[in-house]
Amino acid sequence: METSAKFNGNSGTGRADVSATIPAIAQPLSEEPTEIASNIKYHAHFSPHFTPFKFEPEQAYYATADSVRDRLIKQWNDTYLHYDKVNPKQTYYLSMEYLQGRTLTNAIGNLDIHNAYADALKKLGHELEEVVEQEKDAALGNGGLGRLASCFLDSMATLNLPAWGYGLRYKYGLFKQIITKVGQEEGPEDWLEKFSPWEVVRHDVIFPVSFFGHVEVHPSGSRKWVGGEVVQAVAYDVPIPGYRTKNTNSLRLWEAKASSEDFNLFLFNDGQYESAAQLHSRAQQICAVLYPGDATENGKLLRLKQQFFLCSASLQDIIARFKEREDGTGAQPWSEFPKKVAIQLNDTHPTLTIPELMRLLMDDEGIGWDDAWNITTRTVAYTNHTVLPEALEKWSQEVMWKLLPRHMEIIEEIDKRFVATIMSERPDLENKMPSMRILDHNTPKPVVRMANLCVVSSHTVNGVAQLHSDILKAELFADYVSVWPTKFQNKTNGITPRRWIRFCSPELSHIITKWLKTDQWVTNLELLANLREFADNTELHGEWESAKMANKQRLAQYILRVTGVSINPNTLFDIQVKRIHEYKRQLLNVLGVIYRYKKLKEMSPQERKNTTPRTVMIGGKAFATYTNAKRIVKLVIDVGDVVNSDPDVNNYLKVVFVPNYNVSVAEMVIPGSELSQHISTAGMEASGTSNMKFALNGCLIIGTLDGANVEIREEIGDDNFFLFGATADKVPQLRKERENGLFKPDPRFEEAKQFIRSGAFGTYDYNPLLESLEGNMGYGRGDYFLVGHDFPSYMDAQERVDEAYKDRKRWIKMSILSTSGSCKFSSDRTISQYAKEIWSIVECRVP
C-alpha cells in the first residue's frame with residue numbers, strides 16, 4: 001500500500017504529509033474548510049467502515065458522506081420538531097420508483113457548502129470530483145416516473161412544504177445494463193453491496209404487513225382479515241435537503257423482513273435449512289428487484305405483494321402519526337384526517353392504498369363504510385402517467401382474492417356502489433358501464449382495473465402535460481369527465497434546476513448568473529426569460545459556446561472511458577437517451593443514421609467535406625423480457641461497430657451506444673448535448689421530462705408534437721424547434737389507412753431497411769424487428785408506431801438541423817433562446833400548483 005494513501009504522516013509524501021497536520025476532531029456543523037477536513041478525518045477514525053490504514057478515494061467518500069450527514073441530521077431533526085409543533089397538513093407521495101442519482105453532490109450543493117468541501121478534501125489530499133465518483137446511484141427507479149418523483153421531493157423541500165416520499169428499498173434495482181457483442185445483458189445493481197451512508201434505519205418504525213389469509217365475520221357483522229403470512233416493514237429514511245433552506249424532508253423506504261420468531265430452529269438443526277428460514281427468504285424477495293418478471297403466477301404475486309407492501313406500511317405509518325397528534329381537546333377526530341393528510345398516488349402502482357385505507361379505517365378503527373369512504377375520497381389523489389393500454393394495470397381477480405381477500409371484498413363493494421350511483425343518477429351511461437366499472441368480468445380471466453379504481457376513488461385526477469391531460473379527458477376517461485367534470489386537472493411536469501443545470505453544468509450556470517446579475521434564477525426559473533435580450537450579443541455567444549465546448553469535452557472523455565470509442569467534440573453531438581421502447585422510436589433514429597451512413601459512403605471525399613459531421617449517441621435500458629427493444633439496442637451496437645471503423649466515413653459520422661444509462665450518466669450527457677431527439681409517436685408520451693432537461697441546457701430538440709414537446713415549442717418558439725411527424729389527432733386515421741393498404745413507403749425508408757437486410761451490419765437476423773414495420777395489420781406487424789409514415793419528414797427535419805448547425809451564430813442564438821424559454825419547466829412551479837390546487841398544503845418554513 002502506498003504511504004500516500006495513509007492518514008499517518010510518518011513516511012512518504014503526498015496525502016500523508018498534507019493530512020498529517022489536520023486533527024481528527026468532530027466539527028459537525030462547521031462551514032470552514034479546515035474544520036470540515038477535521039470532521040471528515042474524525043469520521044474516518046471514529047465512524048470507521050474500513051481498516052484504519054487506508055484513505056483512498058473510496059474511504060474519503062464514506063467519511064465525507066458521514067460528515068455531510070451530520071449537518072443533514074441536525075436540519076432533519078429541526079424540521080420534524082417544527083412540523084410536530086405546528087401540526088400542518090402534510091403530503092405523502094407514494095411511488096414505486098425514485099431515481100435519486102448521487103446524493104453527495106446534490107447535498108453539498110443544496111446546503112451551499114460545495115466549495116468548502118472541495119477545499120477541505122484538498123487539505124486531505126483528495127479532489128472532490130474524484131471522491132464524488134465513488135458513489136453509486138441508488139437503484140430505486142427505472143425511468144421518467146422515478147426521476148419525476150425525485151425532482152418533486154427536491155422541490156417540496158426547497159419550497160419548505162411539509163411532505164414525505166414513500167417507496168421501497170430495492171436491493172438489486174431494475175438491473176445493471178452490460179453491453180456486449182450479443183447486445184444488452186442484465187446483471188444486478190450493486191449499490192448496496194457495501195452500504196449507503198445516506199440512509200438511517202429507524203428501528204422503532206416497524207409495521208406488520210399481511211398476505212393471503214381469510215376474512216372472519218364476527219357476530220356484530222364486523223369483518224377481520226386474519227391468518228396468512230406476516231412480514232415486517234422496517235423504515236429506512238433518506239434526508240432530502242432543500243436548496244438554501246433549513247427544511248430537510250424525508251424519503252422513507254421500506255425494507256421487508258421476517259422476525260426471529262419466524263426462524264424454525266428445530267428444522268434447521270434437523271438439516272432442513274431452507275425450510276427453517278422460508279419466511280425470511282420470502283420477505284427478502286419483496287424488496288429484491290424493481291419490476292420483477294411477471295410472466296409466471298409467482299411473478300404476478302410478487303409484484304402485487306410489492307405494491308401492497310408499499311401501501312400498507314406507508315398507511316400504517318401515516319395513521320400512527322395522525323393518532324399521535326392531539327389538538328387542544330385530546331385525540332384528533334377522524335373527520336380531521338383529510339385536513340391533515342394528503343396522499344398522492346404516483347401512477348397506478350400504489351392503487352391498493354384505496355382499499356387498504358378503507359380496511360384500516362373500518363376494521364381497525366371501527367368506522368362505518370360511509371365515513372370511511374368520505375375520509376378516503378377526500379384524502380387520495382391520483383396522477384396518471386400513461387395512455388398506453390399495456391401500462392394501465394389490470395390485476396387478475398383470482399390472484400387478488402388469493403393474496404388480498406379482504407381488499408377484494410372492499411373493491412367489490414366500491415364497484416357495486418359506483419354502478420348503483422351511476423345507474424340512478426346517469427341512466428344514459430348504462431351502455432358505458434362495462435368499460436367504466438372497476439371489475440371487468442367479461443375477459444377470459446376477470447380483472448380489476450386499477451386506473452378505474454383510482455378515478456372513482458380519488459378527489460382529483462391529473463395528467464402530466466397539457467396534451468396528455470386533454471387526451472385523458474377526451475378519450476381515456478371521457479365518460480368519467482361527464483360525471484365529475486371538475487375532478488380532472490393538468491399539472492405539466494417539471495425538473496429541478498438545481499440538479500439539472502446548476503450542479504451538472506457549472507460553467508453555463510456561471511454565465512447565466514453573470515448575465516442576469518443574480519443567481520436567484522436557481523429557485524425562480526422565470527428569471528431566465530431575461531436572457532432573451534442578450535440573444536444576439538457576441539460576447540455572450542463566445543462565452544456560451546465555450547461553456548458548451550467544456551461540457552462536450554467532458555462527455556467525450558467519459559465516452560472514451562466507458563466505451564473505448566473516441567469522439568470529436570467539434571462534431572454535432574446528437575443524443576437520444578431514455579428507456580428503449582418502440583413508441584419512443586429509437587428505431588426511427590437508427591434507421592435515419594443508417595440512411596445517412598449509406599449516403600456518406602456513396603459520396604466523393606470532396607462531397608463529404610460539405611456535410612455536417614455528427615456523433616450520434618443513444619442510451620437507455622430495454623426491459624429484460626422486451627425482445628424488440630433488445631433488438632434495437634443490438635442494432636445500434638452493430639451499426640456503431642461498422643460506422644466507427646469505416647475510415648471513409650468515421651470523420652463525418654460516429655454512432656455510440658451509451659451503456660447503463662442512469663442519473664449520473666445523464667448529468668454528463670445532457671450538458672454535453674447540442675441536439676436531442678424526442679421523437680415518440682404523437683399522443684403516446686404522457687409528458688417526458690428529459691426534453692425539459694436538454695432544453696434548459698441549451699440543447700435544441702428535434703421532435704414530434706407529443707407530450708411536453710408541445711409546450712416546450714410554445715415557450716422557446718417554433719423557429720427554435722425542429723418539428724416533424726404526424727400530429728396526435730391524425731394518428732388513428734393513419735393507422736386505419738395502413739390497415740386498408742393505403743400506405744406508400746418513402747424510397748429512403750425502404751433503402752435503409754434493405755441496407756440492414758443486405759448484411760451490411762453483420763449476420764444477426766433483424767427480420768423480426770423490420771417486419772414490425774411491414775404488413776398492414778396483425779400482432780407485431782403494421783408499423784403501429786408510424787415509423788414509416790414519419791420517416792420522410794424526420795429526414796427532412798434532420799437536413800434542416802445540418803444547415804442550421806453550419807451557421808454558428810444562428811445555432812448559438814437558438815441555444816440561448818432554448819435555455820431562456822425553459823422558465824415554465826421547473827418542478828418548483830409544478831409542485832406549487834399541486835400544493836395549492838390538489839393538496840391544499842402551505843409552506844412550513846423552519847425558523
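The values are calculated or read from the model by the stated rules, or taken from the named source; none is laboratory data. Just so it is clear, the model here is predicted, and its values are computed rather than measured. Cβ: placed from backbone, ideal geometry, glycine included. Neighbour counts: every protein chain shown. Remember, those area values only see protein heavy atoms, side chains included, never the ligands or the DNA or RNA. Shrake-Rupley method; radii C 1.70, N 1.55, O 1.52, S 1.80 Å.
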Taking the range 529-546 and keeping only residues that are open to solvent by less than 30 Å² (accessible area, probe 1.4 Å) and either closer than 15 Å to K809 by Cα or aromatic (F, W, Y) (or both), one is left with A535, L540, H541, W544
If you take just the helices (runs of 4 or more DSSP H) that sit entirely in the range 313-407, which of them hold at least 2 residues that are open to solvent by 10 Å² or more (accessible area, probe 1.4 Å)?
337-340, 369-379, 397-403
Check on I240, of a type in the set (A, V, I, L, M), open to solvent by 50 Å² or more (accessible area, probe 1.4 Å) and at negative phi
no
Filter the range 620-636 for residues that are part of a loop (DSSP other than H, G, I, E, B), in contact with a strand residue (DSSP E or B) (Cβ under 9 Å, 6 or more places away or on another chain) and open to solvent by 10 Å² or more (accessible area, probe 1.4 Å); which is nearest to A295 (Cα to Cα)?
A624
For K473, only one of the following conditions fails: (1) of a type outside the set (A, V, I, L, M); (2) more than 23 Å from H349 (Cα to Cα); (3) in a helix (DSSP H, G or I). What is its number?
(2)
Go through the range 270-297 and report how many residues are aromatic (F, W, Y) and surrounded by 12 or more Cβ atoms within 10 Å (Cβ to Cβ).
1
Residue in the range 215-232 that is nearest to E365 (Cα to Cα), counting only those that are assigned to a loop (DSSP other than H, G, I, E, B) and touching a residue at least 12 places away in the same chain (Cβ under 8 Å)
S222
Every residue from the range 488-528 that is of a type in the set (K, R) and open to solvent by 10 Å² or more (accessible area, probe 1.4 Å):
R499, R502, K514, K517
Within the range 199-214, of all residues that are under 25 Å from the mean Cα position of the chain (by Cα) and free of Cβ contacts under 8 Å to residues at least 60 places away in the same chain, the one least open to solvent (accessible area, probe 1.4 Å) is E199
For residues that are β-branched (V, I, T) and not in a helix (DSSP H, G or I), tally how many sit in the range 497-525.
2
Please work out which residue is modelled with the lowest pLDDT, limiting yourself to the range 165-214 and to residues that are among the hydroxyl-bearing types (S, T, Y) and assigned to a strand (DSSP E or B).
T180
Please verify whether the range 385-398 includes one or more residues that are assigned by the TED database to the domain that holds L148, within 23 Å of D363 (Cα to Cα) and among the hydrophobic types (A, V, I, L, M, F, W, C).
no
Only one residue in S196, S155 is within 29 Å of the chain's Cα centre (by Cα), among the polar types (S, T, N, Q) and open to solvent by less than 10 Å² (accessible area, probe 1.4 Å). Which one?
S155
Helices (runs of 4 or more DSSP H) within the range 11-121 that include 3 or more residues out of contact with any Asp or Glu (no Cβ under 8 Å at 6 or more places or on another chain) and open to solvent by 30 Å² or more (accessible area, probe 1.4 Å)
15-20, 33-46, 57-86
Of the listed residues (Y83, Y62, Y42, Y93), the one being at pLDDT 95 or above and in contact with a Gly (Cβ under 7 Å, 6 or more places away or on another chain) is Y93
Give all pairs with beta carbons closer than 9 Å in which a residue from the range 537-554 that is hydroxyl-bearing (S, T, Y) meets a residue that is open to solvent by less than 20 Å² (accessible area, probe 1.4 Å) and assigned to a helix (DSSP H, G or I); count only pairs at least 6 apart in sequence or on separate chains.
S546/I511
Does D783 satisfy being modelled with pLDDT of 95 or more and more than 25 Å from Y597 (Cα to Cα)?
no
Of these, K445, K432, which one is of a type in the set (D, E, K, R), more than 25 Å from the chain's Cα centre (by Cα) and in a loop (DSSP other than H, G, I, E, B)?
K445
With the requirement that a residue be open to solvent by 10 Å² or more (accessible area, probe 1.4 Å), more than 24 Å from I512 (Cα to Cα) and β-branched (V, I, T), what does the range 698-731 give you?
V710, T727
May I ask you to list the residues in the range 158-174 that are open to solvent by 10 Å² or more (accessible area, probe 1.4 Å) and not aliphatic (A, V, I, L, M)?
T158, W164, R169, K171, Y172
